[in-house]
Amino acid sequence: APVGGTGRALGALGLPLSVPLGSQRTSRGHWEGTGSTGIASIRPLGSALSTRFGARPVAMVGGFLSGLGLFLGAFATHMSHLYLSVGVLAGLGWALVFTPSLGTVGRYFPAQRALATGLVVSGASVSGLALGPLVPLLLDTYGWRGALLLLAAVSFNLVAAGALLRPLPVPGETPGPPRDRPGLLRLLRHGPFIRYALAFVLVDAGYYVPFVHGEARAHEVGCDEHRAGLVMAAMAAVDGGGRVAAGWLAARPATPLLRHLFTWAVLTGLALLLLPLGTSFGGLLALASAYGFCAGAVVPLQFAGVAEVVGAGRLVHAIGLMQMFESFGSLLGAPFAGWLRDVTGNYTISFLAAGAFLLAGSLLILTLPGFFHASQDPAPPPKPKNTLNSENPPP
């Protein structure tokens, strides 16, 4: 929750920071993007370190680095200082927290992986909704430096959260030294995983377009600042509900998880294609809410689906590597949509192209081995014991 919530809250600090630090308006979002890009591109490092040293110490170090980066950012006197402190240092810390934490949860609960993942990733939406209204209040009361110090205090809580990641054995998995476990290079030769990662490169090329350009689209159809903010808030509010709902539905054993993922990805693409039809505040609000719910539903199924494709033993490595691939799609999608808007004069073609990317990525899911039949996870034995309550946990 602090990873996603703090990252979203940083967006509200863009303009208050750009004026005192002498940044151009066109570049004030770069330091925020550096952090999110760093999270995605460095996640394989978090996977490798987690496999070598364990999820607990890696997540604790990541929590400390993220808090330290925000703390140092409060003393910045130039925008380049924010690039290094918040963008690089805090981004590195969040990357070291995210992958080990999510991979550990997926390995703890093989039978309820989708639901557990949905609950975990919904924390970003909940904390984002909580911190979003709080940041303007902090800015008015303490200024941007005080706000960054308080956000640093929130991120330092990740150290305590990381300490709770006990190194429990996965049910049915034979422990072995790290050098015997499948690594990143072997995943690069795993055909289904490469197709899965490519699918989400395409999905991410369209996925973030409404979140980046949604407010500008609202202004385009005549909404004022207040109503445009309501459209964006509606997307964020229903996002968390979609994550939990999709995880709960996917926990039902009747349908393979990859079919749930395909269905929600297609619905997300269709909702994105329909967004240009929202030419009034009410219509745009309804369509944006539908998109936010479906887009949120994709997130937990994406991470739970990794285990369906590569198995629980490769889960931590696979999540980190997939996120690195995804960063290329997310980095290119929003600028491409902005370029289309400049060429055409409105956002209609931008949203249609983004929806086409999403649907193209969805079609690649059809080629995965676990789509037409339930894949067999090599780990779980019948009715495994709850290792979280083991009387003799490993040290």
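Where a number appears in this text, it was derived from the coordinates with a stated rule and is not lab data. Just so it is clear, the model here is predicted, and its values are computed rather than measured. For neighbour counting, all protein chains shown are included, and Cβ atoms are generated from backbone atoms with ideal geometry for every residue, glycine included.
Things worth noting here:
- Length added when fully stretched, Val343-Leu45, from 0.36 nm per residue minus Cα-Cα: 103.4 nm
- By the count of other C-beta atoms within 10 Å, a proxy for reagent exposure, Tyr196, Tyr142, Tyr83 are ordered fewest to most as Tyr142, Tyr83, Tyr196.
- Of the peptides 308-321, 348-361, the ranking by mean beta-carbon count within 10 Å, highest at the top, reads 308-321, 348-361.
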